[in-house]
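*Asks:* Below is the structure I would like to discuss, written out as structure tokens.
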4 protein chains.
Amino acid sequence: MGKGRVEAFSDGVIAIIITIMVLELKVPHGAEFSALAPLWPTFLSYVLSFIYVGIYWNNLHNMFHTVQRVDGRVLWANLHLLFWLSLMPVTTAFMGENHFAPVPVAVYGVLALCAAAYFILVVMLHRLHGNDTAFARAVGADRKEKISVVLYIAAIPLTFVNQWISVALYVLVAMIWFVPDRRFERQIEK
Amino acid sequence: MGKGRVEAFSDGVIAIIITIMVLELKVPHGAEFSALAPLWPTFLSYVLSFIYVGIYWNNLHNMFHTVQRVDGRVLWANLHLLFWLSLMPVTTAFMGENHFAPVPVAVYGVLALCAAAYFILVVMLHRLHGNDTAFARAVGADRKEKISVVLYIAAIPLTFVNQWISVALYVLVAMIWFVPDRRFERQIEK
Amino acid sequence: MGKGRVEAFSDGVIAIIITIMVLELKVPHGAEFSALAPLWPTFLSYVLSFIYVGIYWNNLHNMFHTVQRVDGRVLWANLHLLFWLSLMPVTTAFMGENHFAPVPVAVYGVLALCAAAYFILVVMLHRLHGNDTAFARAVGADRKEKISVVLYIAAIPLTFVNQWISVALYVLVAMIWFVPDRRFERQIEK
Amino acid sequence: MGKGRVEAFSDGVIAIIITIMVLELKVPHGAEFSALAPLWPTFLSYVLSFIYVGIYWNNLHNMFHTVQRVDGRVLWANLHLLFWLSLMPVTTAFMGENHFAPVPVAVYGVLALCAAAYFILVVMLHRLHGNDTAFARAVGADRKEKISVVLYIAAIPLTFVNQWISVALYVLVAMIWFVPDRRFERQIEK
């Protein structure tokens with residue numbers, strides 16, 4: 001089975017997710033600069049989520065470069081990842097509209113489930129391709145995923161100590177991933 | 001006529017359908033965990049519909065693999081399927097917002113019309129390709145479609161006995177289809 | 001310049017237009033069948049517009065089959081068509097929510113501008129390809145476009161006599177076009 | 001790394017941006033022509049933004065024609081451009097709903113940031129391709145970008161003198177760019 005349509009469909013879904021998030025930036029009431037002030041938490045949470053969705057797109061883009069084929073399991077693992085990503089607009093708005101209150105910041109930790117879903121997708125692809133393939137060599141060490149999941153899971157309870165610790169952890173993970181997943185880039189270059 | 005653009009257009013429409021459903025998950029009012037509680041029926045109906053739309057996408061993806069060409073009839077049969085699928089976000093929200101009340105659960109049985117539209121599309125493609133082609137051999141027995149339509153049609157009146165019977169039937173059909181349509185996969189492997 | 005991305009972009013925009021129209025079908029208040037009754041005008045106008053957008057997509061799909069290349073003028077003529085098509089969700093909802101009142105039915109005649117934009121696109125492509133090409137032979141007689149524009153323009157004032165005359169004319173034009181533009185199909189077959 | 005998916009993803013995002021802007025054209029209340037009157041500022045701002053997003057799509061379309069490859073930096077520069085473009089629906093609605101009041105017109109000057117992001121993308125692609133390539137020759141003189149940024153930046157404070165000066169400047173820049181970026185067209189023809 002070819003990977004072309006899986007890429008196209010995922011690109012479509014991610015393009016929509018990243019764009020409809022902006023619909024939560026409600027048009028301000030009033031035509032003064034002061035009308036913009038209440039928007040900053042929504043705007044900041046939009047920026048953070050835009051970067052996160054961008055990171056997922058970049059990594060999927062690189063990962064599928066070394067993918068040779070897909071099967072039913074991979075299709076569902078991919079849809080599973082898209083499902084959790086599709087919740088980003090809601091959790092983003094929840095966090096932004098409540099000015100980074102502890103519970104919404106904890107709920108934003110749904111990111112841990114996106115990361116887990118990404119990991120499952122990697123496992124399914126690995127199983128399909130076998131060891132000793134470009135894909136297997138590329139995924140080799142998956143420290144970044146493991147660190148991310150640990151940090152996300154830590155962020156969820158820490159929000160009840162102080163929510164800014166959790167926000168800082170989310171920003172930290174984004175920074176770790178900001179550089180696209182070099183493993184696949186390196187493998188492509190070979 | 002090539003099938004490429006039909007695939008691309010269908011992928012686009014399905015990607016949008018699957019993503020705008022999440023817009024019905026309204027951002028909760030309040031920043032407490034208790035604010036999330038009223039969301040669970042909407043969330044569950046979203047999960048069910050996400051799986052359904054995912055199933056349709058998977059099956060279309062596999063089916064078009066064995067398709068050689070399309071004509072005007074196929075284009076309209078495909079649009080007809082997309083039309084009924086496009087109603088999924090509304091029926092999903094109707095069911096979720098009313099906490100799986102009998103009438104909305106019956107209306108969700110519009111799935112029967114999606115299944116019928118899928119069947120019409122298969123017939124149109126079969127007619128175009130003729131018997132004794134990879135496509136014809138792949139569709140051969142269409143037990144799953146027939147069982148699904150029967151279960152959907154049964155689910156609609158049964159909701160007035162007890163709506164959870166109908167919900168159970170919807171979940172059952174989803175489980176039947178969760179495995180992608182193996183007929184096409186098998187044909188592709190040959 | 002290749003036509004691939006113009007097709008892909010147009011497919012994307014049309015896929016979104018056809019799908020967001022359904023957002024105007026608001027989730028009914030109440031969980032009784034009677035709650036669905038007020039939806040019928042919105043639903044009917046959605047069906048009509050879905051068919052119209054489907055017709056445009058089909059015709060563009062067939063037309064671009066015989067297209068060899070595009071230039072800046074074609075890109076803008078295409079965007080111009082997409083602009084008028086993008087107004088379909090609003091005019092559809094305006095007509096449906098007001099139960100086919102005369103003014104909204106007249107405004108729905110914006111379809112005349114979609115038809116005019118389609119005609120301009122054909123002219124731009126014709127100019128680029130020159131006579132004596134597959135494209136020129138395919139467009140040859142453009143009776144359907146001319147009849148459509150005349151009927152749309154007639155429909156606009158006639159709504160003030162009786163809006164159902166106009167609605168009947170819209171349905172009539174849709175029926176005329178329901179069969180995909182055979183000119184291009186015929187040319188493709190040659 | 002291939003450019004195909006970057007093009008496809010950007011096309012998807014831009015197609016969504018250009019289409020969801022129309023969601024800000026709220027369905028008028030009332031079924032009289034007078035109900036349409038309050039829509040004109042929203043409509044005019046929609047037309048202007050549709051043209052702007054169309055210009056960006058056209059220029060990206062032409063630019064990527066001479067692009068040979070992309071890397072991580074280009075992916076992020078492209079996402080950065082898409083981020084600022086994604087704010088167009090909000091700033092458009094803000095300007096339209098407030099009838100081109102000075103502050104919203106100034107905020108619409110976020111266009112300066114889109115232009116800057118476009119410039120950064122050109123720089124990243126230039127660095128990747130090196131001088132003495134089709135891409136480098138195509139971008140050669142970048143007078144249009146520089147003029148645009150100057151005019152946008154001038155428009156922001158001038159809105160407090162008279163907002164129509166700023167609107168006129170936005171229209172002027174759109175007219176300058178209306179002709180697709182000939183540099184890439186010329187290079188493609190060679």
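*Asks:* Please tell me if C:Pro28 is within 27 Å of B:Phe100 (Cβ to Cβ), surrounded by fewer than 21 Cβ atoms within 10 Å (Cβ to Cβ) and not β-branched (Val, Ile, Thr).
*Replies:* Values: within 27 Å of B:Phe100 (Cβ to Cβ): yes; surrounded by fewer than 21 Cβ atoms within 10 Å (Cβ to Cβ): no; not β-branched (Val, Ile, Thr): yes.
No.
*Asks:* Can you name every residue in segment B:92-122 that is touching a residue at least 60 places away in the same chain (Cβ under 8 Å), outside any helix (DSSP H, G or I) and more than 8 Å from chain C (Cβ to nearest Cβ)?
*Replies:* B:Phe100, the sole residue that qualifies.
*Asks:* Continuing with the same structure: Which count do you get for residues in segment B:1-24 that are more than 12 Å from chain C (Cβ to nearest Cβ) and either on the phi > 0 side of the Ramachandran plot or in contact with a Gly (Cβ under 7 Å, 6 or more places away or on another chain) (or both)? Steps first, answer last, please.
*Replies:* First pass over segment B:1-24, keeping only residues more than 12 Å from chain C (Cβ to nearest Cβ): B:22.
Add one more test, that the residue is either on the phi > 0 side of the Ramachandran plot or in contact with a Gly (Cβ under 7 Å, 6 or more places away or on another chain) (or both), and what stays is none.
So the answer is 0.
*Asks:* In this structure, does B:Phe50 turn out to be under 17 Å from B:Val167 (Cβ atoms) and either touching a helix residue (DSSP H, G or I) at 6+ places or on another chain (Cβ under 6 Å) or within 11 Å of chain C (Cβ to nearest Cβ) (or both)?
*Replies:* Working: under 17 Å from B:Val167 (Cβ atoms): yes; either touching a helix residue (DSSP H, G or I) at 6+ places or on another chain (Cβ under 6 Å) or within 11 Å of chain C (Cβ to nearest Cβ) (or both): yes.
So B:Phe50 fits the description; yes.
*Asks:* Within the group A:Ile176, A:Ile153, A:Ile147, A:Ile165, which residue is at pLDDT below 90 and over 13 Å from the mean Cα position of the chain (by Cα)? Even if it seems obvious, please write down each step before you answer.
*Replies:* Numbers: A:Ile176 fails: over 13 Å from the mean Cα position of the chain (by Cα); A:Ile153 fails: at pLDDT below 90; A:Ile165 fails: at pLDDT below 90.
Within the list A:Ile176, A:Ile153, A:Ile147, A:Ile165, the selection yields A:Ile147.
*Asks:* Given the criterion exposed (fewer than 14 other Cβ atoms within 10 Å of the Cβ) and at pLDDT 80 or above, identify the matching residue among A:Val171, A:Val122.
*Replies:* Being exposed (fewer than 14 other Cβ atoms within 10 Å of the Cβ) and at pLDDT 80 or above holds for just one of A:Val171, A:Val122, which is A:Val171.
Residue-wise test of (1) without any contact (Cβ under 8 Å) to a residue 12 or more places away in the chain; (2) among the aliphatic types (A, V, I, L, M).
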residue	(1), (2)
B:Gly2	no, no
B:Ala8	yes, yes
B:Asp11	no, no
B:Ile14	no, yes
B:Ile51	no, yes
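*Asks:* Related question: Go through segment B:45-91 and count every residue that is part of a loop (DSSP other than H, G, I, E, B) and of a type in the set (Lys, Arg).
*Replies:* First, the residues of segment B:45-91 that are part of a loop (DSSP other than H, G, I, E, B): B:66-71, B:87.
Imposing the further condition that a residue be of a type in the set (Lys, Arg) reduces the set to B:69.
Number of matching residues: 1.
*Asks:* Considering only segment C:25-37, I want to know if a residue exists there that is closer than 19 Å to B:Pro89 by Cβ, assigned to a helix (DSSP H, G or I) and more than 9 Å from chain B (Cβ to nearest Cβ).
*Replies:* Keep residues of segment C:25-37 that are closer than 19 Å to B:Pro89 by Cβ, which gives C:25-31, C:35-36.
Narrowing the set further to residues that are assigned to a helix (DSSP H, G or I) leaves C:35.
Checking which are more than 9 Å from chain B (Cβ to nearest Cβ) leaves us with none.
No, segment C:25-37 has no match at all.
*Asks:* Mind checking which residues of segment D:35-54 are at pLDDT below 90 and crowded, with 20+ Cβ neighbours inside 10 Å?
*Replies:* Passing the criteria: none in range.
*Asks:* Return only the number of the condition from (1) in contact with a Phe, Trp or Tyr (Cβ under 7 Å, 6 or more places away or on another chain); (2) more than 18 Å from C:Val110 (Cα to Cα) that C:Leu48 does not satisfy.
*Replies:* Evaluating C:Leu48 over (1) in contact with a Phe, Trp or Tyr (Cβ under 7 Å, 6 or more places away or on another chain); (2) more than 18 Å from C:Val110 (Cα to Cα) leaves (2) as the failure.
*Asks:* Could I ask something else about it? Quick check on A:Phe9: is it surrounded by 15 or more Cβ atoms within 10 Å (Cβ to Cβ) and aromatic (Phe, Trp, Tyr)?
*Replies:* On the way: surrounded by 15 or more Cβ atoms within 10 Å (Cβ to Cβ): yes; aromatic (Phe, Trp, Tyr): yes.
Yes, satisfied.
*Asks:* Checking C:Pro157 against (1) within 14 Å of chain D (Cβ to nearest Cβ); (2) part of a helix (DSSP H, G or I); (3) in contact with a Gly (Cβ under 8 Å, 6 or more places away or on another chain); (4) not acidic (Asp, Glu), which test does it fail?
*Replies:* Answer for C:Pro157: the failing condition is (3).
*Asks:* Does A:Trp57 satisfy being surrounded by fewer than 20 Cβ atoms within 10 Å (Cβ to Cβ), in contact with a helix residue (DSSP H, G or I) (Cβ under 7 Å, 6 or more places away or on another chain) and within 14 Å of chain B (Cβ to nearest Cβ)?
*Replies:* Details: surrounded by fewer than 20 Cβ atoms within 10 Å (Cβ to Cβ): no; in contact with a helix residue (DSSP H, G or I) (Cβ under 7 Å, 6 or more places away or on another chain): yes; within 14 Å of chain B (Cβ to nearest Cβ): yes.
Answer is no for this residue.
*Asks:* Another question, if that's okay. Restricting to segment B:39-60, count the residues that are farther than 17 Å from B:Leu87 by Cα and among the aliphatic types (A, V, I, L, M). Explain how you work it out, then say what you get.
*Replies:* Looking only at segment B:39-60, we keep the residues that are farther than 17 Å from B:Leu87 by Cα, and these are B:39-41, B:43-44, B:58-60.
Okay, now just the ones that are also among the aliphatic types (A, V, I, L, M), so B:39, B:44, B:60.
Number of matching residues: 3.
*Asks:* Of the residues that sit in segment A:141-163 and are hydrophobic (A, V, I, L, M, F, W, C) and under 13 Å from A:Ala112 (Cα atoms), which one is surrounded by the most Cβ atoms within 10 Å (Cβ to Cβ)? I'd like the intermediate steps shown before the answer.
*Replies:* Of all residues in segment A:141-163, those hydrophobic (A, V, I, L, M, F, W, C) come to A:141, A:147, A:149-151, A:153-156, A:158, A:160-161.
Filter once more, keeping what is under 13 Å from A:Ala112 (Cα atoms): A:147, A:149-151, A:153-156.
Working: A:Ile147: 15, A:Val149: 19, A:Val150: 14, A:Leu151: 20, A:Ile153: 15, A:Ala154: 14, A:Ala155: 24, A:Ile156: 18.
Ranking the qualifying residues of segment A:141-163, first place goes to A:Ala155.
*Asks:* Here's a follow-up. Go through (1) at pLDDT 90 or above; (2) surrounded by fewer than 20 Cβ atoms within 10 Å (Cβ to Cβ); (3) under 14 Å from the mean Cα position of the chain (by Cα) and name the single condition A:His99 misses.
*Replies:* (3)
*Asks:* Kindly indicate the residue of segment A:129-140 that is buried (at least 18 other Cβ atoms within 10 Å of the Cβ) and among the hydrophobic types (A, V, I, L, M, F, W, C) and also nearest to A:Gly72 (Cα to Cα) among those meeting that condition.
*Replies:* Top of the filtered list is A:Phe135.
*Asks:* Which ones in segment C:61-86 are in contact with a Leu (Cβ under 8 Å, 6 or more places away or on another chain) and either more than 14 Å from chain D (Cβ to nearest Cβ) or among the basic types (Lys, Arg) (or both)? First the steps, then the outcome.
*Replies:* Here is the first cut: in segment C:61-86, the residues in contact with a Leu (Cβ under 8 Å, 6 or more places away or on another chain) are C:61, C:63, C:67, C:69-71, C:73-74, C:77-78, C:80-81, C:84.
Hits for segment C:61-86 are C:His61, C:Met63, C:Val67, C:Arg69, C:Arg73.
The values are calculated or read from the model by the stated rules, or taken from the named source; none is laboratory data. Here the structure is a predicted model, which is why all the values come from computation and not from measurement. Glycine also receives a Cβ, built like all others from the backbone with ideal geometry; neighbour counts cover every protein chain displayed.
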